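Inspection log for the structure reproduced underneath, given as structure tokens.
No lab work stands behind these numbers, since they all come straight from the coordinates. Note that the structure is predicted; figures quoted are calculated from it, not measured. Because the Cβ atoms are built from the backbone with ideal geometry, glycine has one as well, and the counts that use them run over all protein chains shown.
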Amino acid sequence: TDTKPGAQMQDVDANVPQTMRTGGETELKTFAVYVHDFRKDISAAFTPAYVSSDPDIVAVENGKLIAKKEGTATITASGTYEGFELKKEYTVTVKPVPESLTVKVGSDNKISAGRDQKITVTLVYSDGSTETVSSGITYTISDSSIIAQKGNTNYLSGKAAGTATLTAELVIDGYTVEGSVEVTVIGDTVDEPTGGVPAGLIVGICVAAVVVIGGAAAGIVIWRKKKSQK
């Protein structure tokens with residue numbers, strides 16, 4: 001950020017990052033820090049000495065930090081610029097590289113029409129470790145008439161019977177990873193016989209008819225027995 005004319009310098013700082021990914025590089029820069037945290041790039045005029053506590057994790061080479069493998073190292077920067085002494089320690093954690101995403105909907109990638117299921121997205125790293133993520137994800141759908149994201153949430157809605165592909169994409173530390181899954185929407189499974197009358201209703205009508213007829217027959221028999229006894 002540009003400084004205002006006459007602003008007073010308060011400190012000197014370096015752009016050592018807190019985290020890096022395996023194999024990643026960061027070009028080292030230095031800054032004059034003024035009031036209100038205004039910063040001016042002074043890399044061309046001032047290059048401090050950088051020392052890594054563990055070059056096997058983070059190495060300093062040709063003005064760059066290079067992440068060698070997973071772990072944590074301390075970078076010490078020292079030097080003097082216009083009377084300000086820079087002597088700071090920066091902790092850098094090297095993490096594995098994001099490689100892919102696995103996507104799952106509900107327990108079996110199936111949704112009933114008119115219902116919602118939770119989407120679970122798992123980030124897979126280069127060292128085999130995994131992490132469940134729930135933010136920063138972009139979803140795309142092959143057929144929105146079958147499935148649709150519910151607002152901006154991690155829930156998927158079943159629209160109509162069929163199968164469609166759900167793809168999740170995530171950008172993390174400059175790496176873009178994605179994963180897909182086929183989702184099946186199950187429609188209405190109620191069966192009706194020809195003519196549109198439910199089978200259960202037909203059975204109920206038949207049973208009711210038998211009961212009525214049987215009851216009427218029994219009444220006739222009893223009336224006849226009583227008459228013959230007179």
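When all alpha carbon pairs of the stretch 34-88 are counted in 10 Å bins from zero, the resulting P(r) reads 22, 43, 28, 7 %. Over 22 Å between C-alpha atoms is what I'm after, so list which of Lys40/Lys69; Lys29/Lys68; Lys104/Lys150; Lys40/Lys87; Lys40/Lys88; Lys68/Lys104 land there. Flagged as over cut-off: Lys40/Lys69; Lys68/Lys104. Using bins 5 angstrom wide from zero, how does P(r) for the stretch 39-161 break down, in % of all Cα pairs? Histogram of Cα-Cα distances, whole percents per bin: 2, 9, 13, 13, 10, 9, 7, 8, 8, 8, 6, 4, 2, 1, 0. For Asp54 and Ser100, the difference between the fully extended length at 0.36 nm per residue and the C-alpha to C-alpha distance is 13.7 nm. Report the local net charge at Lys150: Lys and Arg +1, Asp and Glu -1, summed over other residues whose C-beta lies under 15 Å from its C-beta. Value of the local net charge: +2. The modelled label-to-label distance for the pair His36/Ile172, using points 7 Å beyond Cα in the direction of Cβ, is 3.7 nm.
At R0 = 22 Å, how high is the FRET efficiency between Glu89 and Glu25 if r is their beta carbon distance? Nearest 0.05 is fine. Write out the running numbers ahead of the final one.
Working: r = 21 Å, r/R0 = 0.94.
Plugging the Cβ-Cβ distance into 1/(1 + (r/R0)^6) gives 0.60.
Only Lys, Arg, Asp and Glu carry charge here, each on its Cβ (+1 for the first two, -1 for the last two); on that basis the stretch 1-91 has a dipole of about 100 debye about its Cα centre. For the pair Lys110 and Glu131, a Förster radius of 30 Å applied to the C-beta separation gives a FRET efficiency near 0.75, rounded to the nearest 0.05.
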